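Read through the structure below, which is laid out as C-alpha cells, and then see the notes.
Please treat every number below as a calculation from the coordinates, not as lab data. These numbers come from a predicted model, not from an experiment. FYI the Cβ positions are ideal-geometry reconstructions off the backbone, even for glycines, and counts take in every protein chain you see.
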Amino acid sequence: MGNWKLHTTRSCAESLAGAVVDVVTRENPPLEIALAPPFTFLAIVARVIEGSPVGLAAQDVFWEDEGAYTGEISAPMLADVGCKYCIVGHSERRRHFGETDHQVARKVSACLRHQLIPIVCVGESLAEREKGRAEDVVRRQVKAALVAVEEGQVVPVIAYEPVWAIGTGRAASPEDAARMSRVIREAVDELLGSNAGQRVRVLYGGSVNPGNVRGFAAEPDIDGALVGGASLRPDTFIPLVRAFAPGGSRR
C-alpha cells in the first residue's frame, strides 16, 4: 500500500495512479495493491484505478457516521467514494494530533461497520525501544485497537511501523520486523482466540525503499509493506510491489 500522506496535486495524483495501474495491469502480480491519496483526490484516483487490480484506501476516518463534526470524514463517505481500505492509528496521527488508543479502536469499529478493511498502525518510539519496552507497547496498541472486533468480522490488517523509522531513512532490520510480526500475531491470538493471529496480515512500514525491500520481502512473517515516500514515484514504488510478488524475493 502506498500512503501518499500530504503530497500530490490533482494532476500528479492522476498521473501517479495511472502509472501504477499501467504496470500492475500489465504484470498482474497476485497481490493486493492499494493507494491512499489525500481525501481531496480519492474520487479522482478512484476513476483512474476503476476496473484495475489496484484498490483505494483512505488515510484516516472519523468514528461517527454523521453529525456536527466539521472537517471530519466518515466511513460511509469513504465507502461511497469507492474505498476498500482505511489506514487507522498512524503514528503521525497519534503524535501530531494526539490520537489515543481508545480513538483508534472507535475508528476500527467504524470501518468494520461499513465493510472497510482497517490497516491498523502500531509501533514504538525510539525511547520506548531503548528502554526495552517495544514489544509491550506494540502488544498494548494491538489489543486496544482490536478490542471491539467481533467473531465473524474481518480481522484488520496490522502495519508495524516503528515511529523512529518513519520518514527518517532508518529502517528496522528485517529480523526485528519479523520478530515484531510474531509478537503482533501472538497478541491477536490472545485477544481473539487461537489461530486468529495467523489470519491477520502484517505489513512493515518505515523507510521501505528499493534498496532494502528484499530483506523484508524474504521474511515469511511479513506479508507486505505500507510505504510512504517511496510510493510517490512509480520507479520506486513498483520495485516494492515486484519484491513481494511470488518469484520476487518471497521464500
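Below is a table of values for the structure above.
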item	result
Whole-Å distance, taken between Cα centres, linking segment 209-231 and segment 8-58	19 Å
Estimated dipole of segment 1-160 in Debye, rounded to 20 [Cβ of Lys and Arg +1, of Asp and Glu -1, Cα centre]	320 debye
Selected from Ser194, Ser74, Ser109 as most flexible by GNM, with the chain as the system and alpha-carbon contacts under 10 Å	Ser194
Inter-label distance for Arg201 and Glu72, nm, one decimal - labels placed 7 Å from Cα along Cα-to-Cβ	2.8 nm
Cut-off under 5 Å, modelled amide H: who pairs with Ala58 long-range	Tyr85, Cys86, Ile87
Contact order relative to length of the chain, as percent, for alpha carbon pairs under 8 angstrom and 6 or more apart	18 percent
Three semi-axes of the equivalent ellipsoid, segment 1-160, Cα gyration tensor, whole Å, largest first	27, 19, 16
Coil-residue chymotrypsin sites (Phe, Trp or Tyr not before Pro) of segment 1-103, DSSP, other Cβ within 10 Å capped at 14	Tyr69
Longest exposed-site-free window of the chain, the sites being GluC sites (Glu not before Pro) in a DSSP loop that have at most 15 other C-beta atoms within 10 Å	152-251
